[in-house]
Each structure stands twice: as C-alpha cells, then as structure tokens.
1. All but one of (1) facing chain C (nearest Cβ under 7 Å); (2) at pLDDT below 90; (3) in contact with an Asp or Glu (Cβ under 9 Å, 6 or more places away or on another chain) hold for residue A:54, so report the exception by its number.
2. Condition (residue is touching a strand residue (DSSP E or B) at 6+ places or on another chain (Cβ under 7 Å), more than 7 Å from chain C (Cβ to nearest Cβ) and either modelled with pLDDT of 90 or more or within 28 Å of residue C:155 (Cα to Cα) (or both)) applied to the range A:18-25: is it met by at least one residue?
3. Name, by its number, the condition in (1) at pLDDT 90 or above; (2) closer than 30 Å to residue A:125 by Cα; (3) out of contact with any Gly (no Cβ under 7 Å at 6 or more places or on another chain) that does not hold for residue C:55.
4. For the range C:132-167, enumerate the residues that are more than 24 Å from the chain's Cα centre (by Cα), among the aromatic types (Phe, Trp, Tyr) and either part of a helix (DSSP H, G or I) or not assigned by TED's automatic domain parsing to the domain that holds residue C:105 (or both).
5. Give the residues of the range A:235-250 that are away from chain C (no Cβ under 14 Å), touching a Gly at 6+ places or on another chain (Cβ under 8 Å) and part of a helix (DSSP H, G or I), sorted by residue number.
6. Taking only the range C:148-182 into account, find how many residues are polar (S, T, N, Q) and either surrounded by fewer than 24 Cβ atoms within 10 Å (Cβ to Cβ) or touching a strand residue (DSSP E or B) at 6+ places or on another chain (Cβ under 6 Å) (or both).
7. Which of the helices (runs of 4 or more DSSP H) contained wholly in the range B:152-233 include at least 2 residues that are aliphatic (A, V, I, L, M) and more than 24 Å from residue B:68 (Cβ to Cβ)?
8. Every residue in the range C:54-90 that is assigned to a helix (DSSP H, G or I) and over 21 Å from residue B:41 (Cβ atoms), please.
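The values are calculated or read from the model by the stated rules, or taken from the named source; none is laboratory data. Just so it is clear, the model here is predicted, and its values are computed rather than measured. Note that we place each Cβ from the backbone using ideal geometry, even for glycine, and neighbour counts take in every protein chain shown.
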Amino acid sequence: MQTKLKVDKAVKAILLVSASFSILIVISIFVFIFRSSLPAFKEFGIQGLLGELTWRPANGMYGILAMVVGSVMVTLMALVLGVPLAIAAAIFLAEIAPRGVQAVVRPAVQLLAGIPSVVYGLFGMVVLVPLVRRIPVTGNSGYGLLSAAIVLAVMILPTITSISEDAIRAVPRSYKEASLALGATHLQTIFQVLLPAAKSGIGAALILGIGRALGETMAMIMVIGNSVILPAPLDNNPLTVFLSQARTLTGNIAVEINYASGLHASALFATGVVLFVLIMLVNVSARAIIHRGNPSAG
Amino acid sequence: MKKLLIALVLIASLLLAACGASEAGETLSITGSTTVQPLAEKLAEGFMSQNQDVQIDVQGGGSSVGVKAAGEGTSDIGMASRDTKEEELNQFPNLQVHVIARDGIAVVVHPENPVNDLTLDQIRDIFSGKIVNWSEVGGPDAAITVVAREEGSGTRDAFMELVMGKDALIMDNAILQSSNGAIRTVVSTTPNAIAFLSFGYLDESTKALSISGAAATEENAANGIYPVVRPLNLLTNGAPEGIVKAFLDYVFSAEGQATVRAEGYIPVK
Amino acid sequence: MNVPDITSTNAMNLAEKRSAADLRRRQAAQKLSFGLFWLGALVVILIMLVVVGYVFITGFKSINLQFLTTPPKGGLSGEGGISTTVITTLYLVGLILAISAPLGIGAAVFLIEYQGQTQSGGKFIRSLLQVVNFGVETLAGIPSIIFGLFGYALFVSTLKFGFSLLSAALAGACLVLPTIIRTTQEALLTVPVSLREGSLALGATRWQTISKVVLPAAIPGIITGIMLSVGRIISETAVFYVTLGGSYRLPKNLFSGGRTLSLHLFYLAMDTNAFEKAMGTGAVLIVSIILINLIIDLISRKLSAGVRLHQ
C-alpha cells in the first residue's frame with residue numbers, strides 16, 4: 001500500500017511537470033521572440049517600427065505599419081467573403097439538411113479544413129491569380145489582396161462552419177420547440193431564437209477564423225505579391241485598392257528570415273512580436289465581448 | 001494507455017534505429033544561397049556517385065544564412081551568391097571564400113513580350129519606377145509589372161550593385177518573391193512582368209533580354225561583353241580538410257567544372 | 001344583440017384572412033431563404049470539388065509507382081519522385097508524437113483528474129491549473145509561423161541544432177501540443193464519474209484508477225486527437241520551412257535536415273517548373289488527409305455506438 005501511494009505521488013509529480021510544459025512553452029516562446037526583437041526595439045523604438053511605412057532593410061528602414069495594414073485588410077476581406085457562406089453552411093447543416101445531404105456536406109467541409117495551405121496557395125497561384133488578372137485595371141498583376149482574400153476565405157470557412165454548427169446544435173431543443181409552438185416558422189426560429197442563443201459559440205468560431213487568417217503564411221506569400229506598400233487604389237476607382245499588392249506580417253517573416261542577419265533579423269522578430277500581440281488582442285477582446293453578451297457562456 | 005505508450009516508444013526506437021542504421025558513412029552539409037543550391041545539388045550528386053559512402057545534404061536558406069552557417073560551423077560549407085561583406089569577415093575572420101563559378105544575372109520577361117533588348121539605363125528606370133509602360137521602351141501599350149527578389153537576397157544585392165547603382169532603388173510596388181524559382185514562376189505566368197534572374201534558372205518559360213545588344217549567354221558573360229556578372233562562392237571556416245577538401249577538389253576538377261557549364265553558369269577553370 | 005357578434009365574426013374572419021396571408025408570406029420567405037441555404041451548401045461543395053478536382057486532374061498524370069518510390073533529384077529541374085519526402089514526413093510525425101503525445105496526455109490527465117483534488121494540493125495547484133489552462137488556450141491561438149520563428153531562434157540558432165529533424169520536431173511538438181491536450185481533455189470528460197468513484201471505492205489508488213479505468217475508456221478520443229495532430233503535421237509548412245532546411249535526401253540522424261511532403265510541394269511550386277509534379281504531390285497529400293479523416297470518422301462512429309450501448 002505504501003509503495004502504491006508513493007507511485008501515486010510520483011505519477012502526480014510527473015503529470016504536474018508535463019502539464020507545466022504548455023505554460024513553459026508559452027513563456028519561452030514569448031521570451032525568445034521578445035529577446036531576439038529587443039535590438040530592433042532599442043534601436044528604433046516602438047514608434048520607429050510601428051509608426052513607419054517604409055521597410056527597406058538595406059537602408060536601415062524597418063517600418064512595419066504597411067504589413068500591419070496588409071494583414072488586417074486581407075483578414076477583413078476574407079471575413080466579408082467567407083463568413084456569410086460559412087454561417088449559411090452551418091445553419092444548413094444544423095437545421096435544414098436532410099441526413100443524407102449532411103453526410104455529403106460535412107465530409108466536404110472536413111476535407112476543406114484538412115487541405116494543406118500550400119495546396120491552397122498553389123491553387124491560388126495557378127487558377128485564381130490569372131482569373132483576377134483579367135479584371136482590366138492598369139497595374140493589376142493578379143497578385144494582391146483580392147486573390148489572397150479569396151484563398152483565405154476558403155481556408156477559414158471550414159473552421160467557422162464546424163464550430164458554428166456545433167454551437168447551433170448545442171441550443172436546447174426546448175427553445176426551438178417553444179418557438180415553433182408559438183407559431184413562428186422554422187426560418188423565424190432560426191434567426192430569432194437559435195442564432196441569438198448560439199451567438200457566443202458563433203463568436204468563438206469567428207475569433208478562431210480571424211486567428212487563422214492573421215496567422216496564415218505560406219498561402220499568403222504565394223498569392224499576395226509581398227510588396228511592402230500601403231495598399232492603395234490603382235486608379236481613380238477606389239475599389240481598385242482590392243487589386244493592390246500587399247505584404248502580411250507572417251509573409252514578412254517567412255520571406256526574409258532566411259536572408260536576414262543582425263538588426264534585420266531582429267526587426268523580423270519584432271514583426272513576430274507584433275503578430276503575437278495582435279492575435280492575443282483579438283482573442284482577449286473578443287472573449288471579453290462574448291462573456292459580456294452572454295455571461296452564462298463558459 | 002500502456003499499449004499506446006509502448007507503441008510510441010516502439011515508434012521512437014524504430015525511428016532512432018532507422019536513423020542510426022545509416023550512420024556508417026560520412027555526411028557533408030552545405031547550406032546557403034538558393035542561387036548556388038541547384039548547382040551544389042548537381043555537384044553533390046556527381047560527387048556522391050563516385051563516393052558511395054558519403055552523403056551530402058544541400059539546404060537552402062540564403063546567402064546570409066550560408067555565411068553564418070559556415071562561420072558558426074553549423075554547416076561544413078556555406079553557399080553565397082554575393083561577395084562576403086566586411087562585417088561578416090570581421091565576425092568570422094577564418095572564413096575562406098572559394099569562387100566555384102560565375103553567374104550572369106539576366107533580365108527576363110514573359111516569352112510573349114515583343115521587347116528583346118534594353119539598355120542598362122532603361123532597366124534602371126523600369127525597376128525604379130520611372131518607366132511604367134512597355135510602350136516607352138518599344139513594346140505594347142501595357143503597364144509594366146516589376147518583379148524582384150526580397151531584401152537580403154544575394155541576387156538582389158548583386159543586381160543593385162551592378163545595375164541600379166548607388167542612388168536608384170527598386171520601386172515599392174514591385175512584387176517580391178523569395179527565390180529565383182518563384183521569380184521564374186511569376187514571370188512565366190504574368191504577361192507584362194519583368195524581373196532579374198540567375199542564368200542557371202533560364203529556360204523556355206521566360207525570355208532573357210539582351211542588354212545594349214549583348215545577349216544573355218555564358219560566352220558573353222565569360223568574356224565580359226554581358227555586363228551583369230557576379231561570383232558564386234562556397235565558404236569554409238578555415239582551410240578545407242578531409243571530405244570537405246575532397247568535395248572542393250571535385251568541384252574544381254574538369255568534371256565538376258563541366259557540370260558548372262552544363263547548368264548554365266560560367267566555369268572558373 | 002346580433003350586430004356586435006357579426007362584426008366580431010367579421011373581424012375574426014379578417015384576422016384569420018390576414019394571418020393566413022401572413023403565414024403564406026412567412027412560408028414564402030422561408031422557402032426563399034432555405035433555397036439560399038441550399039445554394040450556400042452547394043457552393044461549399046463546389047469549392048471543395050474545384051480545388052480537389054483541379055489538383056487531382058492536373059496531378060494525376062505524374063502519379064505512378066515510380067513517382068512514389070524514387071527520391072527527388074536534379075535540384076531545380078524537379079526530376080524524380082517523392083519517396084524520401086514521404087519517409088521524412090513519417091519520421092517527423094513519429095518524432096513529434098513521441099515528444100508531444102506523452103506530454104499532452106499527461107497534461108490533460110493532470111488538468112482533468114486532479115481538478116477535484118485541489119484541497120489537498122492547496123492554492124498552488126489551483127492557480128497552476130488556471131495558469132496551465134491559460135497556457136493551452138494561448139498556444140492553440142499562436143500562428144504556426146511564430147512556432148517556426150521560436151524554433152529557429154531557440155533550436156536552430158541558440159542551441160545550434162541547425163536546420164534539422166530535431167529542431168523541426170521540437171518546434172512541431174509545441175505546435176500540436178494544444179490539440180492533443182484539448183482532445184484528451186474532452187475524451188476524459190466523457191468518461192462517467194461513476195466509473196472513477198467505483199474504482200476508488202474498491203480501494204484502487206488514483207493512479208491505478210486513471211491508468212486502468214479512465215484512460216482505457218478514453219482511448220478512442222485520445223487516438224482521435226493524435227490523428228488530428230498527424231493531419232496537422234502532414235499539412236504544416238511554415239514551421240518546417242524555417243527549421244527543417246529543405247534538403248531532399250533521406251535524413252541520416254536527428255541532426256540532418258530534410259524535406260516533408262508539403263515542403264516539397266512548396267519547393268516544387270516555387271523553385272521548379274514541375275507544376276504537374278507539384279500537383280501530384282498535392283494529390284498525395286490530399287489522399288492522406290482523406291484517409292486520416294476516414295479513420296477519425298470511424299473512431300467517432302465506434303465511440304458513439306459504444307455510448308449508445310452504455311445507455
């Protein structure tokens with residue numbers, strides 16, 4: 001008995017150590033990336049990195065504002081393109097689709113989730129970019145925000161769909177029955193009862209989608225053009241801003257890390273810090289909003 | 001649970017066994033410039049066919065990584081497609097530079113582009129954004145899409161030095177790609193694109209322009225008619241010894257230099 | 001006397017008519033919107049078919065036994081097959097799981113099974129649980145390129161592992177750790193409390209209960225988590241792009257570099273003109289993802305069948 005209890009204690013200690021690893025990793029990721037970015041922050045200050053548009057390492061200019069704008073813009077565009085479709089698909093799967101149809105749609109969504117991002121990037125390069133290039137605007141190369149946003153919209157769709165579907169399914173059956181008994185149609189029930197009740201889950205789905213969009217790297221560098229510019233309209237039509245090339249924070253790191261040394265490398269780690277902070281901000285603020293809207297939600 | 005653990009341990013030990021089993025021969029690691037990489041890959045294949053027990057790992061990463069890897073000893077040999085910088089030589093004073101080939105940098109366009117020749121000034125103006133339409137240089141009325149390598153690339157550094165000069169910068173709107181291959185892919189699929197590309201990457205998917213009448217060929221580059229040429233270097237920390245020396249000897253042998261020529265670069269011997 | 005009655009009947013008729021019209025209108029709106037939902041689902045399937053179909057059709061030509069069994073060669077030309085990249089991928093999957101599975105499962109067991117025990121451990125354990133949960137949540141949200149950057153800074157540069165299997169495996173293990181912890185947690189939660197109580201009541205220690213009762217019951221869920229991680233590793237590129245080096249030769253030991261399937265696809269697409277081979281590699285990747293999805297599906301179907309039996 002004594003030895004058994006000793007084993008118990010030992011195991012508990014081992015498990016405790018393995019549990020601590022996750023927090024250890026978080027801390028070391030932060031420490032290492034932050035430490036490596038310190039030289040750049042010391043040299044240029046937060047203002048010099050985050051407040052400047054020009055990224056020209058050869059000339060000692062390391063502004064990453066254009067990349068922040070690029071990342072945010074392409075993410076927002078992907079949300080606009082992808083979210084309606086994703087939530088429609090979720091409602092369809094949870095409420096409307098007959099069993100047989102579900103058995104076709106759900107694996108399709110699952111497969112979309114599993115396709116490697118390089119495959120999406122390649123598809124974007126050889127299929128989407130030439131299509132987008134057909135839009136007759138001077139200076140439109142096909143590589144740019146629009147192509148990237150379409151690719152990204154498809155990539156975040158499965159995440160948002162499957163989590164939203166779960167959220168809608170998790171709404172107690174009695175809500176739906178009560179609404180239908182009161183004479184509401186199925187459609188009214190969906191929009192006025194189920195969706196409001198599932199809003200915290202759908203919110204969580206959106207956050208994960210945003211996180212995935214902000215963090216996507218390989219597919220982005222393959223289709224967005226990687227130019228370090230503030231996206232701007234190509235001609236008098238303001239809509240052509242969507243055809244502008246851009247660079248994302250993730251792309252900045254992946255494209256240049258292998259060639260960088262010294263301050264340049266440090267500035268790339270600073271890019272990583274900004275990305276890290278941006279994603280933490282999205283997560284924390286969105287979680288706060290969800291909790292305020294629905295205090296009962298875990 | 002136990003089964004799972006046992007399975008995992010088994011997998012791990014199998015892996016280690018598999019990894020360990022082939023440990024017999026010697027390994028040589030080469031890291032660095034993506035421009036030199038394909039050439040080094042070919043040379044490695046040639047060397048390995050003569051020395052069966054040697055395995056050579058050729059990794060990309062870029063010229064700066066190559067210099068650093070050789071200097072810090074994380075790789076046996078570094079690759080660089082540009083001259084070694086002063087600060088790098090200060091950091092790694094034992095670094096030895098071996099010029100294994102010379103490489104021209106071609107200015108390439110889409111194969112269907114009717115333009116065949118540009119002057120150095122025109123090229124500079126196109127890449128800096130002063131000339132924005134192909135009609136200004138005798139082509140069709142279409143906007144020019146400038147494609148370039150990213151900051152830090154050896155090819156870009158060499159192009160900046162040899163073509164752009166001190167004052168001109170590559171325009172901000174340029175599409176940037178992180179390897180020669182990616183540049184070639186973009187140019188071959190973008191009708192109005194222009195870019196600079198290592199000679200080793202030239203094929204029918206892009207069209208190399210002549211510069212002021214000098215065609216982008218190895219002969220012209222070798223006898224100085226073609227103006228944009230830079231060295232391809234292998235770097236070692238200290239004098240090469242043992243297998244590293246054997247490999248370098250092979251590179252400078254008649255067979256090695258024949259491979260250099262066959263791959264579209266200019267031999268040094 | 002009858003007059004108000006008549007009017008009220010009239011009013012009722014009117015109301016009935018109105019509500020009938022309203023119902024018709026509402027039903028028409030519903031039909032229209034449901035049509036749109038069907039359309040949405042159709043678009044999703046179409047997207048899937050177009051992407052997968054394109055990759056398969058263009059890649060199919062290059063897939064044959066030779067493609068699968070010969071190593072890549074010829075540097076830029078994109079000659080050769082994919083055999084070494086398949087093996088490297090398997091190596092990496094094995095290594096990453098060997099690191100992350102024990103850690104992740106252990107962490108999940110601790111988080112779930114020792115939750116109720118906080119009194120004995122006191123404040124320390126309680127706050128530790130909170131901190132760990134926060135850690136897992138944060139890890140799950142970190143984009144893969146950050147894991148790559150971390151791996152590059154710590155394993156490749158500082159610890160001088162270089163571009164190697166080891167660096168990539170350690171960075172990759174950090175990447176999939178939250179997946180394994182989360183799914184194991186969920187699997188443990190589905191094990192009924194009564195099972196644990198029964199075992200404890202029979203005099204088993206907590207560890208005996210966990211190892212002999214709880215974990216066996218949670219195995220299908222844990223395997224699902226591991227399969228999800230396998231899928232994640234196979235399709236991951238960004239992390240390995242900056243930690244694995246990219247040499248397409250078979251790794252000799254933990255310190256050799258290598259190239260996984262998806263990395264090979266990236267290099268083929270970006271560095272060579274071998275588009276068909278890139279697509280062929282993409283098709284192989286998609287097929288393996290489909291297989292993994294099927295396995296997960298099978299497990300979860302078995303799992304739900306088991307649950308039904310229990311009830």
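1. Going through the list (1) facing chain C (nearest Cβ under 7 Å); (2) at pLDDT below 90; (3) in contact with an Asp or Glu (Cβ under 9 Å, 6 or more places away or on another chain), residue A:54 breaks only (1).
2. no
3. (3)
4. Once the filter is applied, which keeps residues that are more than 24 Å from the chain's Cα centre (by Cα), among the aromatic types (Phe, Trp, Tyr) and either part of a helix (DSSP H, G or I) or not assigned by TED's automatic domain parsing to the domain that holds residue C:105 (or both), the range C:132-167 yields only C:155.
5. A:242, A:243
6. So the answer is 3.
7. In the range B:152-233, B:180-189, B:218-222 are the helices (runs of 4 or more DSSP H) which contain 2 or more residues that are aliphatic (A, V, I, L, M) and more than 24 Å from residue B:68 (Cβ to Cβ).
8. Correct list: C:54, C:55, C:56, C:57, C:58, C:59, C:60, C:65, C:68, C:90.
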